[in-house]
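Coordinate-derived values only; no laboratory data. On a predicted model such as this, the values are computed, not experimentally measured, just so you know. Cβ placement follows ideal geometry from the backbone for every residue including glycine, while neighbour counts extend to all protein chains displayed.
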Number of protein chains: 2
Amino acid sequence: MTTPAERAQLLTPAAVEAAYGLIQPYVHRTPLLTCKTLDSIASTPQSPESLVGTPFEGQTPARPKFRLFFKCENLQRIGAFKARGAFHALLRLIEERGEEEVKRRGVITHSSGNHAQALALAASTLHIPAHIVMPSISTSSKIAGTRSYGAEVIFSGSTSVEREAVVAEVQAKTDAILVPPYDDFNIICGQGTTALELEAQYKEQVRSGTLDAVITPVGGGGLNSGVATFFSDKSTRVFGAEPAFEGADDCRRGLQAGERVSKVSTLTIADGLRTPVGLLNWEVISNKRKVEGVFAVTEEQIMATMRLVLERMKVVVEPSAVVGLAVCLFDEEFRKRVEEEGGEKGWDVAVVFSGGNTTVEAIAKLFG
Amino acid sequence: MTTPAERAQLLTPAAVEAAYGLIQPYVHRTPLLTCKTLDSIASTPQSPESLVGTPFEGQTPARPKFRLFFKCENLQRIGAFKARGAFHALLRLIEERGEEEVKRRGVITHSSGNHAQALALAASTLHIPAHIVMPSISTSSKIAGTRSYGAEVIFSGSTSVEREAVVAEVQAKTDAILVPPYDDFNIICGQGTTALELEAQYKEQVRSGTLDAVITPVGGGGLNSGVATFFSDKSTRVFGAEPAFEGADDCRRGLQAGERVSKVSTLTIADGLRTPVGLLNWEVISNKRKVEGVFAVTEEQIMATMRLVLERMKVVVEPSAVVGLAVCLFDEEFRKRVEEEGGEKGWDVAVVFSGGNTTVEAIAKLFG
């Protein structure tokens, strides 16, 4: 076995381009949208009152200038970027082990979220049996969603020990191959295709501009490390965003401490970002030349941002999807940097909306 | 003064094309989206149980085949198609009376909804003073929205007598020119540009197909009669959709009775569709060669459809926007017609999403 640091060496822009060649027929080229209203809100200084109680209290609010480009992976198949990684992982498995073996053994994962549906979709498309271990407390819509793609759903307790025991049990019976949700070379390259697409779309739309930065959510870190891999030989800066609630900002804290935080227990409303960042992902994200910084936002900032996206942009996003935009709107450290480095011209910033899998009931619970 | 029937003679496709020439620099070319999930749901027969208690109880559910094309006027400026009519009305006023007179007198309307914001935006863009009479019970977000475009908001009581008294008062003082929300030649031609655009987009996307039908909401009827005007010399059929609640289906009932219903009092959740159809609009919509039929849906069907659009298509729509799609999903008379006339091939149907002006609180109130 190679170490994460050794495997990280192989994470190159070319690996992301190769992934795109494989998955392109299976995923949507999701739109890259703009919104003048959000540009204007992001480019307006925050009120001094709104900084009271933050580390920036008493300072002059930053005056950054943003042109925002929203990569709408909420409009991706199964409603999240996870479809990219899942298709890539399965297509590589077939390439490496042969179709016959993969179809005979099938694949397995444990997830209560978007990875479950993504793997179920990719497996059914490629005619591979899929076993998805889900906590028995999962919402019925998620269970139904996963089953609707033809996967077998097996229930477990909700702790990681309980889930892994059920995975081991199913593997003993079926010999199914584990497809991890984020801490995996092929998953990272698959998610990185988001960056490849958005850069091409940016160039189509803004013929003589430069994409100054990209910001994505960081949960397990598959999306962020994939995006950073693609941009690692380009001038576009990559940033990450996390919820701060109950220590969900494990990546940001790990970067400060110089050591990955391996355990997180949080009930942030950004439920796709409750996991600690993976080992291989950490190798990329903790490399300053690849990811320039990770910022954290409060639950209130996530809700205010989600409201703006729903009411002003009119697109449906899940709470996890908006943490990057929340950093642009509210984080004074980030905003000061845009002001200082962007100057009068400002920055062109791509914000990845990672997913849109929410329900009207969940919206009602948040805002009712 | 000419009669509505005489003015209706002048509502021609060429008049819509001329309107488009004028307003094009000021409005968005909103996207025409497709959604495989909604095609599949619409093309699945309803269960016999779901027809119990309806006029179709006991009949074999229809087996229509739909390919749906969603014209997203929820992504239009101010979040609704109303921007088209408002810009057209003001640009024509300037053309007919001269910029000096229009700027001196200003414009006025009464509306608590999307027309208020649309007129405020168009007036501020063209540097014309605008007075908007709104019921004092309007929600603060709508008042703020209208003011944010620089219009003067004047409050009135909520009955039409009270509102018209305030309009007369302001007009006596300012000589402001009234711009009606829907019952007006120029407004109708402006809204009709929605049809011109969606037909062009359909042809770009489906190179060798025919757009079999278009369905739009019917409130005052500006959108539906404008769309029907554009398609009046083409093979594409035009249909209308209304809420049925508390008699909001005034247009459908009027067509059955052979006479326009002039008074409606309903609190349907489709709050943009609470008004009776206008006189000039009625001339178009009651012409069978222009509009082939108007269908009505229940509050539950509107909510179920709104849920599908938010959760599956991930775009934010207001309840009024989805009545056309609700007809496609639930109305057995319409579905049987698609089955019979469309056969194996089915129908390509454009559904106009008229607006997206809702709030997370309103969604919470509906679904919480």
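Some observations on this one:
- Ordering B:217, B:231, B:245 by Cα displacement along the dipole of segment B:177-315 toward the positive end leaves B:231 in first place; charges were set at the Cβ atoms of Lys, Arg (+1) and Asp, Glu (-1).
- Debye, to nearest 20: dipole size of chain B, +1 on Lys, Arg Cβ, -1 on Asp, Glu Cβ: 640
- Label 7 Å beyond Cα on the Cβ vector: residue A:17 copy-to-copy distances, nm: 4.7
- Relative contact order computed over segment B:106-210 (Cα-Cα under 8 Å; 6+ residues apart), in percent: 28
- Sorted ascending by nearby beta carbons within 10 Å, beginning with the fewest, B:7, A:77 become B:7, A:77.
- Cβ-vector label at 7 Å, residue B:292, separations to other copies in nm: 5.7
- Extent of chain A along its three principal axes (Cα atoms, max minus min coordinate, largest first): 63, 44, 39 Å.
- If the convex hull is drawn through the Cα atoms of segment B:203-348, its volume per residue in Å³: 118
- Computed over the protein assembly as shown, the P(r) tail beyond 45 angstrom holds 27 percent of alpha carbon pairs.
- Since only B:80, B:94, B:119 are under comparison, the one whose Cα sits farthest along the positive direction of the charge dipole of segment B:39-119, derived from C-beta charges on Lys, Arg, Asp and Glu, is B:94.
- In a simple Cβ point-charge model (Lys, Arg +1; Asp, Glu -1; nothing else charged), segment B:323-368 has a dipole of about 220 debye relative to its Cα centre.
- Karplus-derived 3J(HN,Hα), 6.51/-1.76/1.60, for each residue of segment B:58-66, Hz, glycine and proline x: x, 7, 6, x, 5, 10, x, 10, 10
- With both residues required to sit in chain B, DSSP beta bridges show an antiparallel share near 10%.
- Dipole of segment B:261-368, positive end: most advanced residue of B:327, B:276, B:364 [Cβ charges, Cα centre]: B:276
- When the listed pairs B:203/B:290; A:71/B:345; B:82/B:288; A:365/B:336 are checked against a 27 Å cut-off, the alpha-carbon distance exceeds it for A:71/B:345; A:365/B:336.
- Measuring nothing but how far apart in sequence close Cα pairs (under 8 Å, 6+ apart) lie, relative to its length, chain A scores a relative contact order of 22 percent.
- Annotation: amide H of residue B:357 within the under-5 Å range of B:318, sequence separation 5 or more or interchain, hydrogens built in the peptide plane.
- Candidate cross-link partners of residue A:173 among the aspartates and glutamates, defined by an alpha-carbon separation under 15 Å and a same-chain spacing of 8 or more, comprise A:152, A:164.
- Exam field: residue A:28 pseudo-label spacings to other copies (7 Å along Cα-Cβ), nanometres: 1.6
- Order of A:298, A:236 under a 10 Å beta carbon neighbour criterion, fewest first: A:298, A:236
- For chain B, built as a Gaussian network whose Cα springs stay under 10 Å, the top-fluctuating residue of B:304, B:326, B:123: B:304
- Ranked by how many other Cβ atoms sit within 10 Å of their own Cβ, fewest first, the residues B:329, B:366 fall in the order B:366, B:329.
- Computed helical MRE - 222 nm, chain A, DSSP H runs ≥ 4 contributing -39500 (n - 2.57), nearest 500: -13500 deg cm²/dmol
- Within the protein assembly as shown, antiparallel bridges make up roughly 10 percent of the DSSP beta bridges whose residues both belong there.
- Gaussian network model of chain A, Cα within-10 Å springs - most flexible of A:332, A:299, A:169: A:169
- In segment A:35-184 the Cα-Cα distances spread across 10 Å bins starting at 0 as 11, 31, 22, 13, 16, 7, 1 percent of all pairs.
- In a reduced charge model with +1 at each Lys and Arg Cβ and -1 at each Asp and Glu Cβ, the protein assembly as shown shows a dipole moment near 760 debye about its Cα centre.
- Under the span-like rule (Cα at least 30 Å along the axis, Kyte-Doolittle mean at least -1.0), DSSP H helices of chain A: A:185-205
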